[in-house]
Amino acid sequence: MSEAENKLGESPALSELKALRASIDNIDAALVHMLAERFKCTQKVGVLKATNDLPPADPAREKIQIERLRQLAGDANLDPDFAEKFLNFIVKEVIRHHEAIAAEAGN
Ligand SMILES: C=C(O[C@@H]1C=C(C(=O)O)C=C[C@H]1O)C(=O)O
């Protein structure tokens, strides 16, 4: 049991906290599965780029994605700066994978 759960004891607040945490756990699981699917796609893009002599990063594509995500975030009441940072974090990792795929292919 976590410190917060311990402190709340048997109470309506504890029930609410547990229900909210159960939803958070479901959302985290969904995020992991969605990210895994995204990385499956980006790995294939990496192979496609390496076999067609294309660079790992595509800044023009990223610019469009950032604009789109910032708009979506704003509409969803999510901080657009956070959405941009989150996308950049993922894209940085994708580019690292693409560089590794290109190096493996001898590019
Ligand atoms: C996946 C690609 O490669 C890189 C990673 C991107 C991403 O993770 O969305 C976007 C642009 C590229 O810098 C791509 O070019 O589509």
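The values are calculated or read from the model by the stated rules, or taken from the named source; none is laboratory data. Remember, predicted model here, so these are calculated numbers, not experimental data. With ideal geometry, Cβ positions are generated from the backbone for all residues, glycine too; neighbour counts draw on all protein chains shown.
Annotations for the structure displayed:
- If you go through the range 45-67 and keep only what is among the charged types (D, E, K, R) and near the ligand (Cβ under 9 Å from one of its atoms), you end up with Lys49, Asp58, Arg61, Glu62.
- Test: residue in the range 18-26 that is more than 11 Å from the ligand (Cβ to nearest atom), within 22 Å of the chain's Cα centre (by Cα) and within 26 Å of Ala105 (Cβ to Cβ): no
- Evaluated against (1) of a type in the set (S, T, N, Q); (2) modelled with pLDDT under 95; (3) under 20 Å from Glu93 (Cα atoms), Ser2 falls short on exactly one condition, (3).
- Long-range neighbours under 9 Å by Cβ, at least six apart or interchain, first residue at positive phi within the range 45-56, second modelled with pLDDT under 95 and more than 11 Å from the ligand (Cβ to nearest atom): Asp53/Asn107
- For the range 72-88, the criterion of being within 11 Å of the ligand (Cβ to nearest atom) and not polar (S, T, N, Q) is met by at least one residue.
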